[in-house]
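Report on the following structure.
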Amino acid sequence: MESIKDFKACPLQYVLHINDTLNVISGKWNIGTVLFGKKRFTEIQRNIPKITPRMLCKELELNGMIVRKVYDSTPVTVEYGLSESGKSITGVLDKMIEWGIEHRIVCVRKVISSQSSFAKFFVLL
């Protein structure tokens, strides 16, 4: 398997792999639907009212992020959970959350700082 260093040497390949990752996790119904363990479709639908089974399967199942298990019961029970590939992306998501928190703090501090400067300007008038 090639290393990240090899991909960084070829900007096109590097960007393609970043886009692949973003495409898998950024879809409308993606990772958040099944991130916290196995769920039945009705459980997912309570959180995302407009989702249909077809929408859920279309992106996530085709991308190999979820597995769909059908139980032979009456009525038929279908359960969705993360595949091995889906489980492996949780580290990426954790890093994205950490970055998002830090980035938001920096942005909020800048806004507060600029507002206080702006307020000082009006106080001087």
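Which condition from (1) part of a loop (DSSP other than H, G, I, E, B); (2) within 17 Å of the chain's Cα centre (by Cα); (3) at pLDDT 85 or above is the one that I101 breaks? Unmet condition: (1). If the condition is being modelled with pLDDT of 85 or more and of a type in the set (D, E, K, R), then region 80-93 contributes only E84.
For V67, state whether it is without any contact (Cβ under 8 Å) to a residue 40 or more places away in the chain, under 17 Å from V24 (Cβ atoms) and part of a strand (DSSP E or B). Don't jump to the end; show me each part of the working.
On the way: without any contact (Cβ under 8 Å) to a residue 40 or more places away in the chain: yes; under 17 Å from V24 (Cβ atoms): yes; part of a strand (DSSP E or B): yes.
Yes: the conditions hold for V67.
The values are calculated or read from the model by the stated rules, or taken from the named source; none is laboratory data. Every value quoted in this text rests on a predicted model; they were computed, and no experiment measured them. Glycine also receives a Cβ, built like all others from the backbone with ideal geometry; neighbour counts cover every protein chain displayed.
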